[in-house]
Amino acid sequence: MGTSRVSGAKLLGFLADAQARGVREALREFNLEALAGRPIVEIFVGLADVICPGAGTVDEGIAREAYIETIIELTTEGLTDLSTFTPDQMQTVFELYVTHAIEARICNDIGTKAVTMPTDVQAAHRVEAQLRDFIRGGVSDALTKARSESPNLPPERIQSFVDTVYESAFAILQSLGQAEVDQ
């Protein structure tokens, strides 16, 4: 999940920069200041190659897919104006991205037969929905814990923060999976 971690750090770094210096200044960093004032979906689409460059490897494809899924979900979460984002809304965007990245990784593992799914389509959909809820909960718990330990994240700590969130989320998922096996 190396590429997803790096992309997650870039996304979080951009969001923190937009909150600290303003959207226009954060976009200027990438010569995209013309996107300032545009709807959030347009801004995020414009940032796609910055946040998730390339899509040649499986890991790069997973990161890109997670980013695109996050863009799609932004409006359903009511996140439409980047210039008024709160820290909680930043966390929501990051949660969405990490959740989609982990879910895409697991789906890839299913595709390569590293993980198996039920053959019944309805059962598979139920498992997928439960998995998404577990992942989102695990990511949310990991983010809440990390933010309580260090609420302000300077740019040099963002990658470490992202790594901690991924590791914590996977540990939570592993615990949930083991609990299911033990029952």
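The values are calculated or read from the model by the stated rules, or taken from the named source; none is laboratory data. Quick caveat: nothing in here was measured; it's all calculated off a predicted structure. Here the Cβ is made from the backbone with ideal geometry for all residues, glycine too, and neighbour counts use every protein chain on show. Side chains are part of the model used for accessible areas, which takes the heavy atoms of the whole protein and leaves out ligands, DNA and RNA. Shrake-Rupley method; radii C 1.70, N 1.55, O 1.52, S 1.80 Å.
Tallying residues that are of a type in the set (K, R) and farther than 18 Å from E69 by Cα within segment 121-138 yields 1. Beta carbons closer than 8 Å, at least 6 apart along the sequence or on distinct chains, pair a first residue in segment 120-140 that is surrounded by 15 or more Cβ atoms within 10 Å (Cβ to Cβ) with a second that is hydroxyl-bearing (S, T, Y) for R132/T99; I135/T99; R136/T99; G138/S168; V139/T99.
Among the residues of segment 16-34, those that are in contact with a Leu (Cβ under 8 Å, 6 or more places away or on another chain) and either closer than 25 Å to I62 by Cβ or among the β-branched types (V, I, T) (or both) comprise A16, A18, V23, F30, L32.
Whether any residue in segment 2-17 is in a loop (DSSP other than H, G, I, E, B), modelled with pLDDT of 90 or more and either among the basic types (K, R) or within 21 Å of L143 (Cβ to Cβ) (or both) is what I want to check. Looking for residues that are in a loop (DSSP other than H, G, I, E, B), modelled with pLDDT of 90 or more and either among the basic types (K, R) or within 21 Å of L143 (Cβ to Cβ) (or both), one finds none in segment 2-17, hence no. Where helices (runs of 4 or more DSSP H) fall wholly inside segment 37-112, the ranges with 2 or more residues that are closer than 16 Å to V139 by Cα, open to solvent by 30 Å² or more (accessible area, probe 1.4 Å) and at pLDDT below 90 are 87-111.
Count of segment 23-36 residues, restricted to those that are part of a helix (DSSP H, G or I) and either of a type in the set (D, E, K, R) or open to solvent by less than 40 Å² (accessible area, probe 1.4 Å) (or both), is 8.
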